[in-house]
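Trainee: What follows is a structure written as structure tokens; I'll ask about it next.
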Amino acid sequence: MDNYDPWEPYRDLRFAGTRDVPGQGPCFIAEGRILVEDLLAAGRAGRMKVLSVAATTPAAPAVRELLPSGTELLVATAAELSALAGFPFHRGLLACAAVPEPPPEQDLVNVHRLLVLPRLHDTENLGLLLRSAAALGLDGVLAGPGPGLWTRRTVRVSMGAVWRIPVWRTEDPWSALAHWKAAEAGSEVVAAALAQEALDARSWVPGPRCALVMGPEDTGLEPAQLAHCDHSVAIAMASGMDSLNVAAAGAILMFRMVGG
């Protein structure tokens, strides 16, 4: 990394995914004081590897005391950071950290409260669902194809949940879900679906080992996918509305999963 520019990961961030840093592999960007300080705390605890923090001149003194060992502090004016990032940046802090190793595949079977996202299309919905899953105390998330877990937008919207809760990502989530269900008798797979036979969420009592499956934002779960589930649950609508956004519905149903 002798000739590597430490500012390079922060360039053109508007639609940034992960960045490959020589000698470190895939890295991601966190932005804003709250998120960066949380990431630095995880770095000091040894849970994350934070390569650098880019700070505006006024924000630098306070963050200097929070750096994990080996984390480089880069300082610039707000105008310089905005020019580098490619958009007006007023949050004071950015950080670049290594993407952590995924959780071991074998640990999935130990999860008792599981959110399953076979396919999503929208980064913001993914981030919001991860945030709700972590905040409400679920044990993990099983995700299929969709937006990147470590894009700048997912990390920001999830408010760091992406490194707080185990996320298993696979191209075939249904096989992984079947393996999870077979691991323990009495496991139930529940689909969030506006099906005629769906249970009303207000009277739904999740079993002790439960997986909640949320479908794509536009089409929901298809009949063939519903066949993988033991039953469906739905949130009753009022005021002539036909459905909720997948992230809002997911938060309500996950609250019910944990005893709300």
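Read the figures in this text as sums done on the coordinates, not as results from a lab. This structure is a prediction, so every number in the text was calculated from the model and none was measured. Neighbour counts run over all protein chains shown; Cβ positions are idealised from the backbone, glycine included.
Trainee: Apply the Karplus curve 6.51 cos²θ - 1.76 cosθ + 1.60, θ = phi - 60°, to the phi angles in the range 116-131 and return the couplings in whole Hz, x for Gly and Pro.
Mentor: Per-residue couplings from phi come out as 10, 10, x, 6, 10, 10, 10, 4, 5, 4, 4, x, 5, 5, 5, 4 Hz.
Trainee: Here is a further query. If I model a spin label as a point 7 Å beyond the Cα along the Cα-Cβ vector, how far apart are those points for ASN3 and GLN106 in nm?
Mentor: According to this spin-label approximation, the distance is 4.4 nm.
Trainee: What list of ³J(HN,Hα) values in whole Hz, one per residue of the range 227-232 in order, does the Karplus curve 6.51 cos²θ - 1.76 cosθ + 1.60 (θ = phi - 60°) give from phi, with Gly and Pro shown as x?
Mentor: Residue by residue, the range 227-232 yields 5, 7, 9, 6, 6, 10 Hz.
Trainee: Still on this model: How charged is the neighbourhood of HIS112? Take every other residue with its Cβ under 14 Å from the Cβ of HIS112, and add Lys/Arg as +1 and Asp/Glu as -1.
Mentor: Every neighbour counted, the sum reads -1.
Trainee: Could you point to the residue in GLY240, ALA198, MET254 farthest towards the positive end of the range 105-257's charge dipole, with +1 and -1 charges on the Cβ of Lys/Arg and Asp/Glu respectively?
Mentor: So the residue we want is MET254.
Trainee: Would you work out the relative contact order for the chain, in percent, from Cα pairs under 8 angstrom that are 6 or more residues apart?
Mentor: Worked out over the chain, it gives 18 percent.
Trainee: To continue, here is another question. Let me spell out the model: positive unit charges on the Cβ of Lys and Arg, negative unit charges on the Cβ of Asp and Glu, origin at the Cα centre of the range 8-98. What dipole size does that give, in debye rounded to 20?
Mentor: 140 debye
Trainee: Determine one quarter of the surface area of the Cα convex hull of the chain, which equals its mean projected area, and express it in nm² to one decimal.
Mentor: Seen from a random direction, the Cα hull of the chain projects 15.6 nm² on average.
Trainee: I would also like to ask the following. Check GLY215: other-chain or 5+ apart residues with amide H under 5 Å from its amide H, H built from backbone geometry?
Mentor: Long-range HN contacts for GLY215: ALA192, LEU221.
Trainee: To the nearest µm²/s, what D does Stokes-Einstein give for the range 8-98 at 20 °C and 1.002 mPa s, using the Kirkwood radius over alpha carbon pairs as Rh?
Mentor: 166 µm²/s
Trainee: Taking 51 Å as R0, compute the FRET efficiency from the Cβ-Cβ separation of ALA248 and ALA79 and round it to 0.05.
Mentor: 0.85
Trainee: Still on this structure: With charges only on Cβ, +1 for K and R and -1 for D and E, what is the dipole size of the chain about its Cα centre, in debye, rounded to 20?
Mentor: So the magnitude is around 640 debye.
Trainee: With the crude spin-label approximation of a point 7 Å out along Cα→Cβ, what separation in nm comes out for ASP12 versus ARG91?
Mentor: Result for the modelled spin labels: 2.1 nm.
Trainee: Quote to one decimal, in nm, the extra length available between ALA224 and ALA182 on full extension: 0.36 nm per residue of separation minus the C-alpha distance between them.
Mentor: My answer for the length gained is 13.2 nm.
Trainee: Further question: Cβ neighbours within 10 Å, averaged per peptide: list 196-204, 104-112, 229-237, 161-169 in order, most packed at the top.
Mentor: 161-169, 229-237, 104-112, 196-204
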